[in-house]
1. So for the stretch 117-127 (the condition being away from the ligand (no atom under 11 Å from the Cβ), open to solvent by 90 Å² or more (accessible area, probe 1.4 Å) and modelled with pLDDT under 95), does at least one residue qualify?
2. Any idea which residue in the stretch 1-58 is surrounded by the fewest Cβ atoms within 10 Å (Cβ to Cβ), counting only those that are of a type in the set (A, V, I, L, M), without any contact (Cβ under 8 Å) to a residue 24 or more places away in the chain and closer than 23 Å to ARG121 by Cα?
3. Among the residues of the stretch 115-129, are any within 14 Å of the chain's Cα centre (by Cα) and among the small types (Gly, Ala, Ser)?
4. Kindly evaluate TYR182 against the criterion of being open to solvent by less than 60 Å² (accessible area, probe 1.4 Å), in a helix (DSSP H, G or I), in contact with a strand residue (DSSP E or B) (Cβ under 8 Å, 6 or more places away or on another chain) and in contact (Cβ under 8 Å) with a residue 12 or more places away in the chain.
5. Return the total of residues in the stretch 68-101 being within 14 Å of the chain's Cα centre (by Cα), of a type in the set (Ser, Thr, Tyr) and away from the ligand (no atom under 11 Å from the Cβ).
6. Of the numbered conditions (1) within 14 Å of the ligand (Cβ to nearest atom); (2) within 24 Å of GLU170 (Cα to Cα), THR113 fails exactly one; give the number of that condition.
7. Of all residues in the stretch 20-60, which are closer than 22 Å to MET190 by Cβ, in a helix (DSSP H, G or I) and more than 10 Å from the ligand (Cβ to nearest atom)?
8. Within the stretch 17-32, how many residues are closer than 18 Å to VAL132 by Cα and touching a helix residue (DSSP H, G or I) at 6+ places or on another chain (Cβ under 8 Å)?
Amino acid sequence: MSYKLILFGPPGAGKGTQAALISKEYGLRHISTGDIFRKHMKDQTDLGKEILDYMNKGLLVPDELTIKIALNEIKDLNGFILDGFPRTIEQVKALEQNSSVDAAFYIGVSEDTAIKRLCGRKTCSNKTCNEVYHMVDRKPKLENICDKCNSSLYQRSDDNEETVKTRLKEYNTKTAPLLNHYMHKNKLLMIMKKQ
Ligand code: AMP
C-alpha cells in the first residue's frame, strides 16, 4: 500500500526527522524542497544563485520556482512524503491539480522551543546519514563529528536567531492557513509534541 503524504508545521518542529522515519517505515520517497534548494545552492546552479537571498534571509522561495521543482519530483511516483511542500495556498492548489493527497500531518512546536532548537542545531554532512545534533541538548561525543558515521557536522546558514524569527513569521502568514484547508478536506492529522 502506497501513500501520498504531506508534513507541515513551523520551522523547528522536526519535520525532517519525522519524514525520514515515515519514509523508511512505509517505503515512501522522502522529498524535502529545503534539501533540494540547499543542494542547488551548494552546487551553485542557476537556480541556486536565484534562491540564495531568499534562503539566507529565511524568506520563502517564490511559488513559481518552488512549484516547478516539487511537481517535477513527484511526477510518476505512486507514493511520497512531502517534507516542507506545500507551504502556501498557491502551492496547495498546484499540487491538487497534479496529484491526490491521502493525509496532511501537522507537527506543532512553540516559537521559543523552535528558536532554541534551531539555533543549536548541527547536522551530519553525510547525506545518507543526516543525523541531527544539538549543541546543548544532544552533543556529539567528539566536537563537530558525527557519532554514527564520523563525518563532519555543519550548521545551516539560516539557523540563527534573526533568520529563524523571519522563518517563523513566514510560516505564520503563509503556511498556517494550510491547517484550515486540510481540516476542511478531512485530511488533517495533528501531532502536538511535548515541548
Ligand atoms: P526547510 O529545509 O524546510 O527548513 O526549508 C529551508 C528554506 O527553503 C525555507 O526557509 C525556504 O527559504 C525554502 N523552502 C523550502 N521549501 C519551500 C517551499 N515549499 N516554498 C518556499 N520556500 C521553501
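The values are calculated or read from the model by the stated rules, or taken from the named source; none is laboratory data. What you see is a predicted model, and the numbers here were worked out from it, not measured in a lab. Positions of Cβ are generated from backbone atoms using ideal geometry, with glycine treated the same way; all protein chains shown enter the neighbour counts. For accessibility, only protein heavy atoms count, side chains too; no ligands or nucleic acids. Shrake-Rupley method; radii C 1.70, N 1.55, O 1.52, S 1.80 Å.
1. So far as the stretch 117-127 goes, yes, one or more of its residues are away from the ligand (no atom under 11 Å from the Cβ), open to solvent by 90 Å² or more (accessible area, probe 1.4 Å) and modelled with pLDDT under 95.
2. Only one residue tops the list, namely LEU21.
3. no
4. Answer is yes for this residue.
5. 0
6. (1)
7. Matches in the stretch 20-60: ALA20, LEU21, ILE22, SER23, GLU25, TYR26.
8. 3
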